[in-house]
Every structure is written in C-alpha cells, then in structure tokens.
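S.K.: Below is one structure. I have some questions about it.
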Amino acid sequence: MSIQRDPLTGAPDRSAWDAELPATVDRTRRDGDPLTVAMIDLDRFQRFNDEHGYQAGDRFLKSVVAAWTGVLRPGDMLCRYGGEEFALVLPGATAEQTLVVIDRMRSVTPMNQTFSTGLATWNGGESHDHLVRRAAAALDAAKRAGKDRTVNADGPEAKR
C-alpha cells in the first residue's frame with residue numbers, strides 16, 4: 001500500500017497519519033518500546049502569508065518539510081496534519097529523545113521562523129486518539145505560553 005502524500009509538501013498527509021499511527025501503537029504495545037507523538041504548529045504563519053504572499057507561504061512549507069525530514073531519525077514519520085500544523089510520530093523514542101529531534105528541527109527551520117510543539121509519550125494503555133489529544137493539548141499550552149517552545153504533556157515545559 002502506498003502512503004498518501006500531501007500534494008503541496010510531499011509529506012505524508014492526514015490520511016496516512018490516520019492509517020499509520022494505530023499500527024505504530026499496536027507494534028509498540030506488542031514490542032514494549034517507548035513511543036512519542038509531537039504536534040507542531042508554525043508560529044505566526046498567517047502573518048508570514050500576509051507579508052510575503054501565499055505563493056511564498058507554499059514555498060516555505062515545502063522548504064520546512066524538506067529541512068525537517070533531513071534531520072529526522074530513520075523510522076520517524078512527519079505528516080502534514082493540516083494547514084501549517086504537522087504531526088510527528090517517533091517510534092522507540094522517549095520524551096527526552098524527542099526533545100533532541102525537535103531541537104534539530106528548530107535549528108534547520110528556514111527563514112528564522114519558529115514553531116510550537118506539544119508532545120506526549122504513550123502511557124502503555126491509552127488509545128492512539130487519546131495520545132494525539134494529549135499532544136494537541138500540550139501544543140495549545142505551548143502557543144498560550146508565548147509560542148516558540150515545546151510543552152511535554154507528561155512533564156515540565158521545555159523552552160527553546
């Protein structure tokens with residue numbers, strides 16, 4: 001089965017995410033490995049579009065996906081979740097290992113743009129939907145706290 005891709009960025013799309021995450025949680029349940037999910041939102045992207053135009057915004061989204069994909073670990077999956085929001089599943093990764101990946105992503109984000117991240121580590125029993133809801137709530141907390149930061153649903157905030 002081929003992975004559905006976002007036509008603009010080439011990243012796996014939301015339907016690929018919806019198919020892959022439950023399978024990843026099932027493998028994690030079976031293997032007993034850690035699993036962390038990160039929800040990522042580009043900060044002030046509407047302002048970027050307003051200042052540079054939507055075509056520049058499209059080019060920026062493509063460059064973000066290319067840059068971020070280049071620093072991910074083998075087996076990690078970055079998906080375009082919608083608009084300027086992305087979802088990242090990191091099989092075998094603890095929250096601490098995920099923070100290292102997020103820092104690498106920050107370091108290669110083009111044009112000095114920033115992003116906010118919420119992450120949640122699978123607790124060993126929750127559904128994939130609940131895991132995503134926890135990561136999304138942590139993302140909301142990161143945005144409320146001033147953007148350009150990561151909030152861990154399972155622990156203290158990790159500032160940039």
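The values are calculated or read from the model by the stated rules, or taken from the named source; none is laboratory data. What you see is a predicted model; the values in this text were computed from it and never measured. Here Cβ is always computed from backbone atoms with ideal geometry, including for glycine, and neighbour counts include all displayed protein chains.
S.K.: Could you list, in sequence order, the residues of the range 5-19 that are within 10 Å of C79 (Cα to Cα) and either outside any helix (DSSP H, G or I) or touching a residue at least 40 places away in the same chain (Cβ under 8 Å) (or both)?
M.R.: Those that are within 10 Å of C79 (Cα to Cα) and either outside any helix (DSSP H, G or I) or touching a residue at least 40 places away in the same chain (Cβ under 8 Å) (or both): R5, D6, T9, G10, A11, P12, D13, R14, A16, W17.
S.K.: Same structure again: Can you tell which of G83, G57 is small (G, A, S) and surrounded by fewer than 16 Cβ atoms within 10 Å (Cβ to Cβ)?
M.R.: When all the criteria are applied, what remains is G83.
S.K.: In the range 62-78, is there at least one residue being surrounded by 15 or more Cβ atoms within 10 Å (Cβ to Cβ), touching a residue at least 60 places away in the same chain (Cβ under 8 Å) and among the hydroxyl-bearing types (S, T, Y)?
M.R.: no
S.K.: In the range 6-17, is there at least one residue being within 14 Å of the chain's Cα centre (by Cα), within 27 Å of N152 (Cα to Cα) and of a type in the set (K, R)?
M.R.: Yes, the conditions are met somewhere in the range 6-17.
S.K.: Can you tell me which residue in the range 100-116 is modelled with the lowest pLDDT, limited to those that are of a type in the set (A, V, I, L, M, F, W, C) and in a helix (DSSP H, G or I)?
M.R.: Ranking the candidates gives M111 first.
S.K.: Within the range 1-45, how many residues turn out to be surrounded by fewer than 17 Cβ atoms within 10 Å (Cβ to Cβ) and among the hydrophobic types (A, V, I, L, M, F, W, C)?
M.R.: Selection size over the range 1-45: 5.
S.K.: Same structure, new question: Is there any pair with a first residue in the range 28-54 that is under 30 Å from T121 (Cα atoms) and a second that is among the aliphatic types (A, V, I, L, M) and surrounded by fewer than 18 Cβ atoms within 10 Å (Cβ to Cβ) whose Cβ atoms are under 7 Å apart and which are 6 or more apart or on different chains, and what are they?
M.R.: Sorted first by the residue in the range 28-54, then by its partner, the list stays empty.
S.K.: Any idea which residue in the range 137-160 is surrounded by the fewest Cβ atoms within 10 Å (Cβ to Cβ), counting only those that are of a type in the set (D, E, K, R) and part of a strand (DSSP E or B)?
M.R.: Per the stated criteria, the residue is K159.
S.K.: Identify all residues within the range 104-160 that are of a type in the set (D, E) and free of Cβ contacts under 8 Å to residues at least 24 places away in the same chain; write none if there are none.
M.R.: E126, D129, D140, E157
S.K.: Follow-up. Here are some residues: T114, T121. Which one is hydroxyl-bearing (S, T, Y) and within 22 Å of L61 (Cα to Cα)?
M.R.: One residue alone meets the criteria, T114.
S.K.: Now a separate question. Examine the range 120-134 for a residue that is charged (D, E, K, R), more than 20 Å from T28 (Cβ to Cβ) and either within 10 Å of the chain's Cα centre (by Cα) or assigned to a loop (DSSP other than H, G, I, E, B) (or both), and state whether such a residue exists.
M.R.: No.
S.K.: Then there is this: Restricted to the range 109-136, and to residues that are closer than 26 Å to G32 by Cβ and of a type in the set (A, V, I, L, M, F, W, C), which residue is surrounded by the fewest Cβ atoms within 10 Å (Cβ to Cβ)?
M.R.: A136
S.K.: Give the residues of the range 81-99 that are among the hydroxyl-bearing types (S, T, Y) and assigned to a strand (DSSP E or B), sorted by residue number.
M.R.: Hit for the range 81-99 is Y81, nothing else.
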